[in-house]
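Before any comments, here is the structure.
The values are calculated or read from the model by the stated rules, or taken from the named source; none is laboratory data. Source: prediction; values computed, not measured. Cβ: placed from backbone, ideal geometry, glycine included. Neighbour counts: every protein chain shown. Protein only, heavy atoms only, side chains kept; ligands, DNA and RNA dropped before computing areas. Shrake-Rupley method; radii C 1.70, N 1.55, O 1.52, S 1.80 Å.
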Amino acid sequence: MTAAGRPQRDGLSIGAVLAQLRGDFPDVTISKIRFLESEGLVQPGRTPSGYRQFAAADVERLRFVLSAQRDHYLPLKVIKEQLDAADRGIEPATPAPRLPRKLVSLGAPGDEHLDGGGTPVPCADDFASRRETRLTQEELLAEAGVDAETLSELQQYGLIRPGPAGFFDGDAVLVAKTVKAMTDFGIEPRHLRAFRASADREVGLLEQIVAPVFRHRDAGAKERADELVRELAALSVTLHTLLVKAGIRGVTGH
(Lines give C-alpha, C1' and ligand atoms only; values in the text may rest on other atoms or scores of the structure.)
Protein backbone atom coordinates (compact mmCIF):
# COMPACT_ATOMS: atom_id res chain seq x y z
CA MET A 1 0.00 0.00 0.00
CA THR A 2 1.11 3.57 -0.60
CA ALA A 3 1.15 6.22 2.10
CA ALA A 4 -2.22 7.48 0.85
CA GLY A 5 -3.73 4.02 1.25
CA ARG A 6 -3.88 3.29 -2.47
CA PRO A 7 -2.61 -0.08 -3.75
CA GLN A 8 0.78 0.06 -5.42
CA ARG A 9 0.63 -1.40 -8.92
CA ASP A 10 3.70 -3.53 -9.50
CA GLY A 11 4.71 -3.82 -13.11
CA LEU A 12 7.39 -3.79 -15.77
CA SER A 13 8.93 -0.76 -17.37
CA ILE A 14 8.62 -0.39 -21.14
CA GLY A 15 12.29 -1.32 -21.47
CA ALA A 16 11.73 -4.54 -19.52
CA VAL A 17 8.74 -5.38 -21.72
CA LEU A 18 10.87 -4.80 -24.82
CA ALA A 19 13.51 -7.19 -23.46
CA GLN A 20 10.85 -9.88 -22.94
CA LEU A 21 9.39 -9.48 -26.43
CA ARG A 22 12.62 -9.17 -28.40
CA GLY A 23 13.33 -12.92 -28.28
CA ASP A 24 10.18 -13.74 -30.27
CA PHE A 25 9.81 -10.43 -32.11
CA PRO A 26 13.29 -9.12 -33.01
CA ASP A 27 11.91 -6.12 -34.91
CA VAL A 28 9.81 -4.71 -32.07
CA THR A 29 10.89 -1.34 -30.69
CA ILE A 30 9.89 0.94 -27.83
CA SER A 31 8.36 3.24 -30.41
CA LYS A 32 6.24 0.34 -31.70
CA ILE A 33 4.97 -0.44 -28.18
CA ARG A 34 4.10 3.21 -27.63
CA PHE A 35 2.26 3.26 -30.96
CA LEU A 36 0.21 0.19 -30.02
CA GLU A 37 -0.65 1.92 -26.76
CA SER A 38 -1.73 5.08 -28.61
CA GLU A 39 -4.03 2.92 -30.76
CA GLY A 40 -5.69 1.50 -27.64
CA LEU A 41 -4.38 -2.05 -28.05
CA VAL A 42 -2.70 -2.04 -24.65
CA GLN A 43 -3.27 0.22 -21.65
CA PRO A 44 -0.43 0.03 -19.13
CA GLY A 45 -0.72 1.64 -15.74
CA ARG A 46 1.26 4.70 -14.71
CA THR A 47 3.37 5.51 -11.68
CA PRO A 48 2.66 8.78 -9.82
CA SER A 49 5.52 10.31 -11.80
CA GLY A 50 4.00 9.16 -15.11
CA TYR A 51 6.17 6.17 -16.01
CA ARG A 52 4.46 3.23 -17.69
CA GLN A 53 4.02 0.01 -15.71
CA PHE A 54 3.05 -3.09 -17.68
CA ALA A 55 1.38 -6.05 -15.98
CA ALA A 56 1.90 -9.62 -17.15
CA ALA A 57 -1.49 -9.43 -18.88
CA ASP A 58 -0.31 -6.37 -20.82
CA VAL A 59 2.73 -8.27 -22.07
CA GLU A 60 0.56 -11.20 -23.19
CA ARG A 61 -1.74 -8.75 -24.94
CA LEU A 62 1.22 -7.32 -26.82
CA ARG A 63 2.33 -10.83 -27.76
CA PHE A 64 -1.13 -11.49 -29.20
CA VAL A 65 -1.05 -8.27 -31.25
CA LEU A 66 2.45 -8.88 -32.61
CA SER A 67 1.69 -12.53 -33.40
CA ALA A 68 -1.55 -11.63 -35.19
CA GLN A 69 0.34 -9.13 -37.33
CA ARG A 70 3.30 -11.39 -38.07
CA ASP A 71 1.64 -14.78 -38.42
CA HIS A 72 -1.83 -13.89 -39.72
CA TYR A 73 -1.19 -10.54 -41.44
CA LEU A 74 -4.21 -9.02 -39.70
CA PRO A 75 -4.66 -5.23 -39.72
CA LEU A 76 -4.72 -3.48 -36.37
CA LYS A 77 -8.43 -2.69 -36.70
CA VAL A 78 -9.30 -6.40 -36.79
CA ILE A 79 -6.91 -7.21 -33.93
CA LYS A 80 -8.44 -4.46 -31.79
CA GLU A 81 -11.93 -5.80 -32.50
CA GLN A 82 -10.82 -9.24 -31.31
CA LEU A 83 -9.25 -7.83 -28.16
CA ASP A 84 -12.33 -5.72 -27.42
CA ALA A 85 -14.49 -8.83 -27.81
CA ALA A 86 -12.25 -10.74 -25.40
CA ASP A 87 -12.47 -7.85 -22.92
CA ARG A 88 -16.27 -8.21 -23.02
CA GLY A 89 -16.00 -11.93 -22.32
CA ILE A 90 -16.71 -12.97 -25.91
CA GLU A 91 -14.35 -15.61 -27.23
CA PRO A 92 -12.91 -14.18 -30.46
CA ALA A 93 -12.77 -16.39 -33.50
CA THR A 94 -9.33 -17.74 -34.28
CA PRO A 95 -7.93 -15.38 -36.90
CA ALA A 96 -7.84 -16.98 -40.33
CA PRO A 97 -4.41 -16.71 -41.93
CA ARG A 98 -4.16 -13.97 -44.51
CA LEU A 99 -1.29 -15.18 -46.64
CA PRO A 100 0.68 -12.67 -48.67
CA ARG A 101 -0.78 -12.34 -52.12
CA LYS A 102 1.07 -14.18 -54.86
CA LEU A 103 1.07 -13.12 -58.49
CA VAL A 104 -1.56 -15.24 -60.19
CA SER A 105 0.69 -16.12 -63.10
CA LEU A 106 3.56 -17.14 -60.82
CA GLY A 107 2.13 -18.55 -57.58
CA ALA A 108 0.96 -22.09 -57.04
CA PRO A 109 -2.81 -22.66 -57.14
CA GLY A 110 -4.38 -22.04 -53.78
CA ASP A 111 -1.54 -19.82 -52.54
CA GLU A 112 -3.52 -16.59 -52.84
CA HIS A 113 -5.73 -14.97 -50.24
CA LEU A 114 -9.07 -14.83 -52.08
CA ASP A 115 -12.17 -12.73 -51.68
CA GLY A 116 -15.68 -14.17 -51.83
CA GLY A 117 -15.59 -14.19 -55.63
CA GLY A 118 -12.23 -15.93 -55.92
CA THR A 119 -10.23 -12.79 -56.65
CA PRO A 120 -6.71 -12.60 -55.13
CA VAL A 121 -6.79 -9.80 -52.56
CA PRO A 122 -3.67 -8.25 -51.01
CA CYS A 123 -3.52 -7.56 -47.31
CA ALA A 124 -1.79 -4.68 -45.60
CA ASP A 125 1.24 -6.75 -44.62
CA ASP A 126 2.09 -7.26 -48.30
CA PHE A 127 3.27 -3.66 -48.25
CA ALA A 128 5.29 -3.84 -45.05
CA SER A 129 8.98 -3.08 -45.21
CA ARG A 130 11.03 -6.16 -45.89
CA ARG A 131 14.69 -6.91 -45.43
CA GLU A 132 16.41 -5.15 -48.29
CA THR A 133 17.49 -7.29 -51.25
CA ARG A 134 20.28 -5.93 -53.44
CA LEU A 135 20.65 -7.56 -56.83
CA THR A 136 23.07 -6.69 -59.58
CA GLN A 137 21.80 -6.55 -63.16
CA GLU A 138 23.30 -9.97 -63.86
CA GLU A 139 21.59 -11.45 -60.79
CA LEU A 140 18.26 -9.91 -61.79
CA LEU A 141 18.52 -11.34 -65.30
CA ALA A 142 19.29 -14.79 -63.93
CA GLU A 143 16.53 -14.70 -61.30
CA ALA A 144 13.84 -13.40 -63.67
CA GLY A 145 14.89 -15.38 -66.74
CA VAL A 146 14.88 -12.35 -69.05
CA ASP A 147 17.54 -10.99 -71.37
CA ALA A 148 19.34 -7.65 -71.18
CA GLU A 149 17.29 -6.21 -74.05
CA THR A 150 14.02 -6.90 -72.22
CA LEU A 151 15.39 -5.39 -69.01
CA SER A 152 16.45 -2.31 -70.95
CA GLU A 153 12.89 -1.94 -72.25
CA LEU A 154 11.44 -2.38 -68.77
CA GLN A 155 13.67 0.42 -67.51
CA GLN A 156 12.92 2.60 -70.53
CA TYR A 157 9.19 2.47 -69.82
CA GLY A 158 9.60 2.91 -66.07
CA LEU A 159 8.40 -0.57 -65.11
CA ILE A 160 11.65 -1.34 -63.27
CA ARG A 161 13.79 1.25 -61.56
CA PRO A 162 17.14 0.49 -59.92
CA GLY A 163 17.97 2.06 -56.59
CA PRO A 164 20.35 5.02 -56.18
CA ALA A 165 23.35 2.67 -56.01
CA GLY A 166 22.29 0.85 -59.17
CA PHE A 167 21.01 -2.31 -57.49
CA PHE A 168 17.60 -3.93 -57.95
CA ASP A 169 15.24 -5.30 -55.29
CA GLY A 170 13.12 -8.44 -55.10
CA ASP A 171 10.06 -6.70 -56.51
CA ALA A 172 11.99 -5.97 -59.70
CA VAL A 173 12.37 -9.72 -60.19
CA LEU A 174 8.60 -10.23 -59.83
CA VAL A 175 7.87 -7.38 -62.25
CA ALA A 176 10.25 -8.85 -64.83
CA LYS A 177 8.75 -12.34 -64.44
CA THR A 178 5.23 -10.97 -64.76
CA VAL A 179 6.03 -8.99 -67.90
CA LYS A 180 7.77 -12.03 -69.35
CA ALA A 181 4.61 -14.08 -68.78
CA MET A 182 2.52 -11.36 -70.45
CA THR A 183 4.72 -11.34 -73.53
CA ASP A 184 3.49 -14.88 -74.22
CA PHE A 185 0.16 -13.22 -75.04
CA GLY A 186 1.71 -10.71 -77.44
CA ILE A 187 1.95 -7.87 -74.90
CA GLU A 188 5.19 -5.91 -75.06
CA PRO A 189 6.76 -3.69 -72.38
CA ARG A 190 5.82 -0.56 -74.34
CA HIS A 191 2.17 -1.54 -74.02
CA LEU A 192 2.47 -1.41 -70.23
CA ARG A 193 3.38 2.25 -69.82
CA ALA A 194 -0.18 2.94 -68.72
CA PHE A 195 0.35 0.63 -65.72
CA ARG A 196 3.33 2.72 -64.61
CA ALA A 197 1.43 5.98 -65.05
CA SER A 198 -1.58 4.62 -63.15
CA ALA A 199 0.61 3.37 -60.29
CA ASP A 200 2.34 6.75 -60.03
CA ARG A 201 -1.03 8.52 -59.82
CA GLU A 202 -2.16 6.18 -57.05
CA VAL A 203 1.08 6.70 -55.13
CA GLY A 204 0.65 10.47 -55.47
CA LEU A 205 -2.86 10.29 -54.04
CA LEU A 206 -1.76 8.14 -51.08
CA GLU A 207 1.18 10.45 -50.46
CA GLN A 208 -1.18 13.41 -50.04
CA ILE A 209 -3.13 11.50 -47.39
CA VAL A 210 -0.16 10.13 -45.47
CA ALA A 211 2.22 13.11 -45.59
CA PRO A 212 0.44 15.09 -42.82
CA VAL A 213 0.70 12.06 -40.49
CA PHE A 214 4.44 11.75 -41.15
CA ARG A 215 4.89 15.40 -40.20
CA HIS A 216 3.56 14.86 -36.69
CA ARG A 217 6.34 14.89 -34.11
CA ASP A 218 4.91 12.55 -31.50
CA ALA A 219 6.55 9.19 -30.79
CA GLY A 220 4.01 7.09 -32.68
CA ALA A 221 3.73 9.21 -35.84
CA LYS A 222 5.98 7.06 -38.01
CA GLU A 223 4.24 3.82 -37.00
CA ARG A 224 0.81 5.36 -37.65
CA ALA A 225 1.94 6.60 -41.05
CA ASP A 226 3.49 3.24 -41.97
CA GLU A 227 0.31 1.42 -40.96
CA LEU A 228 -1.80 3.88 -42.94
CA VAL A 229 0.36 3.42 -46.03
CA ARG A 230 0.01 -0.36 -45.84
CA GLU A 231 -3.75 -0.27 -45.34
CA LEU A 232 -4.35 2.26 -48.14
CA ALA A 233 -2.01 0.48 -50.55
CA ALA A 234 -3.79 -2.83 -50.00
CA LEU A 235 -7.20 -1.18 -50.50
CA SER A 236 -5.95 0.58 -53.62
CA VAL A 237 -4.71 -2.63 -55.22
CA THR A 238 -7.89 -4.46 -54.22
CA LEU A 239 -10.02 -1.75 -55.84
CA HIS A 240 -7.90 -1.84 -58.99
CA THR A 241 -8.24 -5.64 -59.17
CA LEU A 242 -12.02 -5.51 -58.73
CA LEU A 243 -12.44 -2.78 -61.34
CA VAL A 244 -10.41 -4.74 -63.91
CA LYS A 245 -12.40 -7.86 -63.03
CA ALA A 246 -15.70 -5.99 -63.55
CA GLY A 247 -14.44 -4.52 -66.82
CA ILE A 248 -13.40 -7.91 -68.18
CA ARG A 249 -16.77 -9.34 -67.16
CA GLY A 250 -18.41 -6.63 -69.26
CA VAL A 251 -16.23 -7.46 -72.25
CA THR A 252 -16.80 -11.21 -72.09
CA GLY A 253 -20.45 -10.95 -71.07
CA HIS A 254 -19.93 -13.18 -68.01
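Listed values, structure above:
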| quantity | calculated |
| --- | --- |
| Pair-distance profile P(r), taking every C-alpha pair of the range 137-254, with 10 angstrom steps and integer % | 11, 31, 33, 20, 5, 0 |
| 14 Å beta-carbon shell around Thr183, net charge (K/R +1, D/E -1) | -2 |
| Computed lengthening from Arg190 to Gln155, 0.36 nm per intervening residue step minus Cα-Cα distance | 11.6 nm |
| Accessible area per residue, Å², the range 128-233 with all protein chains present, probe 1.4 Å | 65 Å² |
| Residues of the range 30-95: accessible area per residue with a 1.4 Å probe, Å² | 53 Å² |
| Accessible-area order (highest first, 1.4 angstrom probe) of the listed residues Lys77, Lys180 | Lys77, Lys180 |
